[in-house]
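Data first, discussion second: the structure below is written as structure tokens.
The values are calculated or read from the model by the stated rules, or taken from the named source; none is laboratory data. As the structure is a computational prediction, the values presented were derived from the model and not from experiment. With ideal geometry, Cβ positions are generated from the backbone for all residues, glycine too; neighbour counts draw on all protein chains shown. Just the protein is used for accessible areas: all its heavy atoms, side chains included, with ligands, DNA and RNA removed. Shrake-Rupley method; radii C 1.70, N 1.55, O 1.52, S 1.80 Å.
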Amino acid sequence: MPSFDLGSFVARAATLVDSSPPATKQETRRWLVEPFLETLGWTVRADSCLPDRVVDETHLEYVLAVESVPALFVAVESATESLDGTRANAIQSAMTWSGVDRAIYTNGRDYLLLAGSSELDYCALDLAELEANESVIATYSRAALGQQLGRHTRAHVARQLAVERPALTDEITDRLTDAVGQGEVYADEFASATDRFLEQLLVTFAEYESSRLNADGDTAADVSVQFSESAITDDSQSPPSGSVSSARSDSSDPEQDDGVAGGNAEPETPTDTNATDTDATVSDHATDHSDTDATETDSTAATDDGEYVVRFFNERGSIGAVGHSSAAGALVEAAEYLLERGLAGVEVPWAPDDAGKTVLNDAPVRADGSPMDDPTPLSRGLYLETAGDIDEQAARVEALTERAGLRAMVTGDWGPK
């Protein structure tokens, strides 16, 4: 375990908080948070400390890197403010999206320590409890995370892209605007296309589990942590006073203490997810829809032997993925996934636009009564048009996903999008 003088930091910080507590976030950062990070071996004035970065639309006061690879997220509130449950969940989303598997959320008095990316462990401690939980704190030190990162991998590239994405988008957009006559007219289009390109590049390099679904098919549970004196707040829940509690975020009962009251449980060190294993989980019938006509789907699969993956995102990041050995089969799987997540209320017959052909109906016909070219029955009594080339099928996936209020990214053998 790394050696550091946590006791001295706690004593100095406690004296400061009791006698003259910081009144602003900036003072909290300078007087409490930065000394804490330096105690853990991080150099906050070095180039390896990136201040005030945005990852997955989540603001982070510090992103700490090891050999240019982001290793630790740190989010800060003023010492006069409580930690916010909504922001804690946003930090979790940024971890999932980027693959960075350590984060600290603190106001200098209370510390929420998060570990993991697709599956989260956390520990909630107040200042007085830090020294007694040094084994937990040690896993967030520069020495421990430097050893954990080891050799550079593709997942490390994904971390860097996630952190640098806003700056890269701006820089590339500016270059494109300067390179084209009257380019400022097209600046918004350049920015949108650049951001999509970087998003796809990030997903390509990421080796973390792409689906955040748990064993019951639901999205990963939000962080629900309680400190004494309501140190962390959430509009949906009013924490009772009492001892600090911490538990795994996927606990079936968020109120249950899970035997780690007082924050004595050490967060597990997440296991690196192998990219091949991740792709294997979505490469052929990644979702199980028992009511779907298996014969129709299998006959589609027999026409191709590729890997067509569709990844789904909401405003907070990746939420799941489906895949198939053919583009048409992936289109069907995507439609089934979306019917369970926002598409079910669509009025049929439905077409991506007013002038387009019907692609979804309660009978294998178009709005004008003419038969669909290649209708495939879905589990909810609907029929999906699966005819067309790969580009048309990919466009249909994206249109259906947008109608469900989500975003889709097609990867694998779909080709560049």
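With the requirement that a residue be part of a helix (DSSP H, G or I) and crowded, with 19+ Cβ neighbours inside 10 Å, what does the stretch 32-48 give you? Result: Leu32, Val33, Glu34, Phe36, Leu37, Thr39.
Scanning the stretch 370-399 for residues that are open to solvent by less than 10 Å² (accessible area, probe 1.4 Å) and of a type in the set (S, T, N, Q) gives Thr376, Thr386.
Taking residues in the stretch 63-87 that are part of a loop (DSSP other than H, G, I, E, B), and partners anywhere that are β-branched (Val, Ile, Thr) and modelled with pLDDT under 90, the pairs with Cβ atoms closer than 7 Å and at least 6 places apart or on different chains are Ser82/Ile232; Ser82/Thr233. Under the condition of being free of Cβ contacts under 8 Å to residues at least 60 places away in the same chain and polar (S, T, N, Q), which residue from the stretch 153-183 is surrounded by the fewest Cβ atoms within 10 Å (Cβ to Cβ)? For the stretch 153-183, the residue satisfying everything is Gln182. Of the set (1) surrounded by fewer than 17 Cβ atoms within 10 Å (Cβ to Cβ); (2) among the hydrophobic types (A, V, I, L, M, F, W, C); (3) over 25 Å from His152 (Cβ atoms); (4) out of contact with any Phe, Trp or Tyr (no Cβ under 9 Å at 6 or more places or on another chain), all apply to Phe197 but (3). Here the stretch 184-194 is the region considered, the condition is being more than 21 Å from the chain's Cα centre (by Cα) and crowded, with 17+ Cβ neighbours inside 10 Å, and the residue that is nearest to Ser93 (Cα to Cα) is Ala191. Filter the stretch 95-141 down to the residues that are part of a helix (DSSP H, G or I) and in contact with a helix residue (DSSP H, G or I) (Cβ under 8 Å, 6 or more places away or on another chain), then identify the one that is most open to solvent (accessible area, probe 1.4 Å). In this case the residue turns out to be Glu131. For the stretch 59-82, the condition of being open to solvent by 30 Å² or more (accessible area, probe 1.4 Å) and under 19 Å from the mean Cα position of the chain (by Cα) holds for at least one residue. Quick one: in the stretch 2-25, of everything that is touching a residue at least 12 places away in the same chain (Cβ under 8 Å) and not in a helix (DSSP H, G or I), which residue is nearest to Gly146 (Cα to Cα)? Filtering the stretch 2-25 for residues that are touching a residue at least 12 places away in the same chain (Cβ under 8 Å) and not in a helix (DSSP H, G or I), the one nearest to Gly146 (Cα to Cα) comes out as Pro2.
Only residues that are touching a Leu at 6+ places or on another chain (Cβ under 8 Å) and touching a residue at least 24 places away in the same chain (Cβ under 8 Å) were counted in the stretch 45-62, giving 4.
Hey, among the residues in the stretch 308-342 that are at pLDDT 80 or above and touching an Asp or Glu at 6+ places or on another chain (Cβ under 6 Å), which one's surrounded by the most Cβ atoms within 10 Å (Cβ to Cβ)? Restricting to residues being at pLDDT 80 or above and touching an Asp or Glu at 6+ places or on another chain (Cβ under 6 Å), the top hit is Tyr308. Lys357 falls short on exactly one of the conditions (1) modelled with pLDDT of 90 or more; (2) buried (at least 16 other Cβ atoms within 10 Å of the Cβ); (3) over 32 Å from the mean Cα position of the chain (by Cα), and that condition is (1). Just so you know, in the stretch 367-378 the residues that are touching a strand residue (DSSP E or B) at 6+ places or on another chain (Cβ under 9 Å) and more than 17 Å from Gln393 (Cα to Cα) include one that is modelled with the highest pLDDT, and it is Pro371.
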